[in-house]
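The values are calculated or read from the model by the stated rules, or taken from the named source; none is laboratory data. As the structure is a prediction and not an experimental result, all values here were calculated from the model. Side chains included, ligands, DNA and RNA excluded: accessible areas come from the protein's heavy atoms. Shrake-Rupley method; radii C 1.70, N 1.55, O 1.52, S 1.80 Å.
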Amino acid sequence: MKKTNFFSKILTGIITVAIVAVVAFLALNNRKTKLYSDSSTTGNTACNLLNGGLFTQADNVIYFANPNDNNKLYKMNANLTKIQKLYNDKVSYINAAGNYIFYTRRNDKLKSTGNALLSLSTTGLFRITKNGTDLGRLYEDPTQVACLYGNNIYYQHYDQKRGLELYSTKIDGSESKKLKPEAVAPYSVSNNTIYYSGWNREHQIHSMDIDGGNQRVIYDGNCTSVVKIGDYIYFLDMDKNYNLCRVALDGGTPETVIKNKLATYNITNDGNIIFYQIDDGQKNGIYMYDLNSGTNSLIASGDYNFIHIISDYVFYEKFDGSTAYYYNMSNGDTKVFNPNVEKDSN
């Protein structure tokens, strides 16, 4: 019995030291965080975040969740070369700007985790430098959608009693603040304004200031998948069989853009081209719609999701996750996206 107690005390001591080391390590990294000088710095596009935030680009580098390696964090050049593993975390909602990458960690979805000390927390909101070092934890419980804007991350914060709620935190992990006590998805933050659809009791389109003030209803509808692109707010209208619609920023009567049942969509930064997945059971597939010419083109028949646009590339996956692809807008080619690691940094 005495020997058992002795080893139990040793084990407890080791765990305590490990936890203290992790807390000290993360606190040190947070103190060293360099803030952005541009108050409108963004880390990903609204539509990419709508599709899981699995790809983003900063400067000439693409940061992505590798579909061939359990969505671990990787990077590659903008021409899809020099693929390198950055960290052994299963990631989503990737944001990148300046020296940092921010992401949602979902190692609870893995069978086992590496990075022994820091995997004591299998979920949360994390920050890491672009060379894959100096990991910092901003929030340790499960998070989902996360969006970098200025020096803040707007994210879905989980509480065991209250569920998901909309929070913001500075990029150094300080000044955490509840903005709204419901599971608002902050896909779209622009001009110091968050655009979103209601979650709990209604699904209207709303806006509010980034500090949580000046909340207002823009459109009284039954809406989901809300993003701001240019002078419009795009959304799927659940009362119109998930047709893609848009409404002006000051409200008014919306117009229907795509008259099909959609599962998801993405729009180029200039707002001219829409990629979307039809989910009507008859002509399922990814299509491209040119708003200027009004022409539609079939990209791939079948069921796909996670549509991401990075420069001239459109990445997407089969619905069952078995294969990933990319479409090159500049030449119309479609290829399997099979990222082979050239150098593993871990």
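A compact table of results
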item: Extended-chain gain in nm, criterion 0.36 nm per residue less alpha-carbon gap, LYS82 and LEU110; result: 7.5 nm
item: Kirkwood-Stokes translational diffusion coefficient of the stretch 128-178, alpha-carbon pairs, 37 °C, 0.692 mPa s, µm²/s; result: 283 µm²/s
item: Rounded, prolate or oblate (a/c below 1.5 giving rounded, otherwise prolate when a/b exceeds b/c) for the stretch 199-241 by Cα gyration tensor; result: oblate
item: Degrees separating the helix 2-31 axis from the principal Cα axis of the chain, which is the longest one; result: 50 degrees
item: Using θ = phi - 60° and Karplus 6.51 cos²θ - 1.76 cosθ + 1.60, couplings along the stretch 233-243 (whole Hz; Gly, Pro as x); result: 10, 9, 6, 9, 8, 5, 7, 10, 6, 6, 5
item: In sequence order, calculated HN-Hα J values of the stretch 318-328 (Karplus, 6.51, -1.76, 1.60; Hz; x Gly/Pro); result: 4, 4, 7, x, 6, 8, 10, 9, 9, 10, 9
item: Among [x] 21.2, 81; [y] 21.4, 67; [z] 20.1, 73, the entry derived from the coordinates for Rg and Dmax of the Cα atoms in Å; result: [x]
item: Pairs beyond 24 Å (Cα-Cα), from LYS130/LYS170; LYS82/LYS130; LYS85/LYS228; LYS34/LYS130; result: LYS85/LYS228
item: Taking only Cα atoms of the stretch 120-235, radius of gyration then Dmax in Å; result: 14.6, 46
item: In order through the stretch 284-299: 3J(HN,Hα) via Karplus (6.51 cos²θ - 1.76 cosθ + 1.60), integer Hz, x for Gly, Pro; result: 4, x, 9, 10, 10, 10, 8, 5, 6, 8, x, 8, 10, 9, 7, 8
item: For the chain, accessible area per residue (1.4 Å probe, heavy atoms of protein chains only), Å²; result: 47 Å²
item: Cα-derived Rg to Rh of the stretch 216-316, Kirkwood definition; result: 0.95
item: Carbon and sulfur %, accessible surface of the chain computed with the full protein complex present, 1.4 Å; result: 46 percent
item: Alpha carbon convex hull of the stretch 280-321, volume per residue in cubic angstrom; result: 86 Å³
